[in-house]
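Student: My structure is below; once you've seen it, I'll send some questions.
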Amino acid sequence: MNTPYRCPNCKTNRSRFNLIQQVPQSVKLDPVSGEVIQEFTNGQLDPFHIPYKGPDYRVQCGTCGLIEDEKTFIKFGQQGNGLRN
């Protein structure tokens with residue numbers, strides 16, 4: 001996270017961001033009621049349950065509210081070396 005960010009939507013924000021931690025909880029639901037039948041812990045999933053492979057966190061622009069993957073903010077932060085007003 002020692003890389004400059006810039007919002008790809010509003011293009012002006014370079015300093016105000018929210019880091020949103022994504023903590024997946026693997027569960028098995030009843031298909032009719034939607035109630036949780038089983039919660040999986042310690043990565044012990046049943047054979048047909050694919051584990052979460054997404055990012056650990058996402059970034060939200062503190063100015064316009066856009067939420068995207070961190071790579072998007074980094075890519076826009078690396079474009080152009082000077083700060084714009």
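Student: Identify the residue in the stretch 28-66 that is of a type in the set (Val, Ile, Thr) and exposed (fewer than 12 other Cβ atoms within 10 Å of the Cβ) and, among all such residues, is farthest from Thr3 (Cα to Cα).
Tutor: It comes out as Val32.
Student: Hey, any hits in the stretch 31-45 for a residue that's within 17 Å of Gln60 (Cα to Cα) and among the hydroxyl-bearing types (Ser, Thr, Tyr)? Let's see the steps before the verdict.
Tutor: First, the residues of the stretch 31-45 that are within 17 Å of Gln60 (Cα to Cα): none.
The answer is no; no qualifying residue exists.
Where a number appears in this text, it was derived from the coordinates with a stated rule and is not lab data. These numbers were taken from a predicted model, which means no experiment stands behind them. Quick reminder, even Gly has a Cβ in these numbers, built from the backbone with ideal geometry, and neighbours come from all protein chains shown.
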